[in-house]
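Quick notes on the structure that follows.
The numbers here are math on the coordinates, done by the rules we state, and not lab data. On a predicted model such as this, the values are computed, not experimentally measured, just so you know. Neighbour counts run over all protein chains shown; Cβ positions are idealised from the backbone, glycine included.
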């Protein structure tokens with residue numbers, strides 16, 4: 001089934017892009033020339049709620065209950081290899097002690113308050129003698145509610161619904177890492193792509209399905225004209241935004257319940273105004289509305305399940321689940337092939353990371369290509385990653401390394417645990433951490449300040465400023481308090497501008 005479906009797109013004729021007035025070449029009504037349609041003209045979603053209108057966007061229909069009360073299903077653990085040399089090389093950089101790890105660019109809610117070094121050190125504490133760690137995966141909420149295999153997600157925020165044996169292991173890991181359940185269970189896939197690519201175990205290959213949701217829909221709707229045109233002319237369609245990643249988000253979102261607000265959000269990020277949205281994008285959105293309703297009509301029981309569980313737009317949930325179910329079925333076949341030739345060490349939404357002998361890799365890939373259209377990527381080198389960091393954060397010096405950084409992180413973790421327990425009196429531990437704290441200047445406190453004895457029972461605090469040392473005098477105590485406050489914020493995991 002999957003093999004014939006993969007070939008279907010290449011066999012189909014390419015559709016003409018010549019439009020006639022008032023109608024697209026695909027037979028779908030177009031908005032007036034140069035005008036963006038109103039949301040009701042392209043009903044790819046219900047009216048936005050009052051709350052979501054305040055934010056300028058419709059609330060997601062697919063965010064099922066991600067609350068602490070959710071019970072995980074399909075939980076299992078897998079051993080994931082890590083490139084320890086690359087991890088240590090990155091974590092020892094002084095800049096890594098100040099640069100925050102942002103999981104998604106431009107989305108502040110994806111910042112978890114930790115520096116690159118701290119995140120790397122938590123990973124290192126999880127590794128066994130073979131540089132591998134246990135990572136935990138679970139089924140998405142859509143699949144869990146419907147009782148089918150959909151996507152898998154890495155990391156757990158709690159252990160509700162987790163088998164007792166696994167829950168006990170996770171509890172032990174929390175103590176070993178010195179952090180929460182999430183930090184003790186997440187995998188490399190949770191990290192930004194630039195970071196996970198360099199931390200992958202050497203000798204492996206990342207294999208992903210190409211356009212998995214497109215092929216999933218073509219399997220169900222072979223007569224979908226706009227969808228087939230997109231598959232056959234992907235490069236052209238990516239030109240609508242001028243950015244490949246934005247184009248993927250645009251069309252993938254429309255295939256999973258996105259509407260007019262989604263279109264304008266993505267096009268806005270691409271610097272496009274409403275009258276610059278190509279007519280084909282609105283054609284595609286309208287066709288997806290039709291396909292979505294067909295999916296919901298063909299699977300009324302699924303729609304009822306999602307409606308009963310509080311989904312505001314069950315048809316969108318049905319469409320997404322059917323896409324994910326097909327994607328997972330193909331991935332299972334790919335995994336069966338991979339395990340014949342090597343070791344599967346991690347998953348992605350539509351792919352996997354496999355470590356296999358080099359002389360077997362091409363045979364493995366040939367068999368996978370008989371299952372689906374796939375793309376591959378080898379791990380990134382440390383030099384490539386450092387070049388990226390130097391470009392991304394040019395204000396930092398990526399050549400300075402800190403000795404004893406591991407001992408410093410151990411002390412910070414202890415400070416954090418004591419603070420979270422409500423303890424306030426551990427001056428010696430604080431005194432051990434403060435000298436190594438990296439300030440906003442890029443220098444450690446011990447490189448900028450020093451205490452000088454004045455009398456037998458009195459000290460003065462000196463600071464290095466404009467090439468010479470000067471006495472802080474009356475502001476010494478306040479300056480030191482500010483430094484200690486910044487140290488505690490970093491230990492607990494808060495940004496310098498947060499309380």
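Miscellaneous remarks
- Inter-site label distance for residue 236 and residue 77 at 7 Å from Cα along Cβ, in nm: 5.2
- Förster radius 41 Å - calculated FRET efficiency between residue 400 and residue 377, Cβ distance, rounded to 0.05: 0.85
- Placing dummy labels 7 Å off each Cα toward the beta-carbon, the span from residue 131 to residue 171 is 3.3 nm.
- Range of Cα positions in segment 410-492 per principal axis (Å), largest first: 39, 31, 19
- Put in line by how crowded their Cβ is, counting other Cβ atoms within 10 Å and starting with the fewest, 181, 424, 71 read 424, 71, 181.
- Peptides 198-211, 267-280, 389-402 ranked from most to least packed, by the mean per-residue count of other Cβ atoms within 10 Å: 198-211, 267-280, 389-402.
- Length gained on full extension, residue 308 to residue 414, computed as 0.36 nm times the residue gap minus the Cα-Cα distance: 33.6 nm.
- Pairwise Cα distances in segment 276-372 exceed 15 Å in 70 percent of cases.
- Label separation (residue 470 vs residue 252): 5.3 nm, computed from points 7 Å beyond Cα along the C-beta direction.
- Using a Förster distance of 35 Å, the FRET efficiency for residue 332-residue 194 (Cβ separation, nearest 0.05): 0.75
- Subtracting the Cα-Cα distance of residue 479 and residue 443 from their residue separation scaled by 0.36 nm leaves 11.4 nm.
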